[in-house]
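K.L.:
Sharing a structure, written as structure tokens. Questions coming.
The values are calculated or read from the model by the stated rules, or taken from the named source; none is laboratory data. What you see is a predicted model, and the numbers here were worked out from it, not measured in a lab. Backbone-built Cβ (ideal geometry, glycine too); neighbour counts: all protein chains shown. These accessible areas exclude ligands, DNA and RNA; they are computed on the full protein's heavy atoms, side chains included. Shrake-Rupley method; radii C 1.70, N 1.55, O 1.52, S 1.80 Å.
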Amino acid sequence: MLNSVFRVEAGEWPKLLQFGLFGLLLQTGMGIGFAAGDAAFLANVGADKLPIIFLLTPPVMIVYTLIFSYLLVRFSIDRVVEVTLGALIAGGAGLWALIQIGLPEPYDVGLYYGLKLYLAMWYIGLYTLFWNFTDSFFDIQDAKRLFPLFAAFCA
């Protein structure tokens, strides 16, 4: 019954649920991380400095895109996912440690700028990574049927 409602073929549920759970966890982590990062930036730097973030985000994304594209050409998507998640965890832990240390006056503002740009980069980067990773496991016909379900998991 569920198979016909969701247009899922026999045997696809395990893979569908694994990818859906991966998307759900990424989305949950980004939601929590973004909320915390935005609160930290606004409380310590202020909303009046957000235009600087908007101007700095495109150059950061150009660098990220160059690195991501290189990694996708050089390594498999599985390896890129592993490296990306490792970098995400290491960067988040490093930023958290620096915030806990409490850097002196001129450096603390730079830290919060770095945090905000780091979050902006991963916001776009993780969506790109998720859809590239998911796309590599499905052909075009399966994608047309199943991708709305993956989007629902992410929502």
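K.L.:
Quick check: at a probe of 1.4 Å, how many percent of the accessible area of region 9-148 sits on carbon and sulfur atoms?
P.N.:
About 71 percent, which is the carbon plus sulfur part of the accessible surface.
K.L.:
Enter the angle in degrees (range 0 to 90, nearest 10) between the Cα long axis of helix 13-44 and the first principal axis of the Cα atoms of the chain, meaning the one along which they spread out most.
P.N.:
The angle comes out near 10 degrees.
K.L.:
Rounding to the nearest 10 and keeping the result within 0 to 90°, find how far the Cα-based axis of helix 50-74 lies from the longest principal axis of the chain.
P.N.:
Roughly 50 degrees between the two axes.
K.L.:
For the chain, modelled as a GNM with alpha-carbon contacts under 10 angstrom, which of Gln141, Gln27, Gln18 fluctuates the most?
P.N.:
Gln141
K.L.:
Measure nothing but the geometry: give the 0 to 90° angle between the long axis through the Cα atoms of 105-135 and the longest principal axis through the Cα atoms of the chain, rounded to 10°.
P.N.:
Result, in degrees: 10.
K.L.:
Something else about it: Just one of (i) 60, 35, 27; (ii) 73, 29, 29; (iii) 72, 35, 26 is Cα extents along the principal axes in Å calculated from these coordinates, so which is it?
P.N.:
Correct label is (i).
K.L.:
Among the lysines, select those whose C-alpha is under 28 Å from the C-alpha of Lys144, and discard any that sit fewer than 8 residues away in the same chain.
P.N.:
Lys15
K.L.:
For a quick protection proxy, order the peptides 112-124, 79-91, 42-54 by their average other-Cβ count within 10 Å, most packed first.
P.N.:
Result, highest mean Cβ count within 10 Å first: 112-124, 79-91, 42-54.
K.L.:
For the chain, what is the calculated [θ] at 222 nm in deg cm²/dmol (nearest 500), taking -39500 (n - 2.57) for each run of four or more DSSP H residues and dividing by its residue count?
P.N.:
Mean residue ellipticity, 222 nm, calculated: -30000 deg cm²/dmol.
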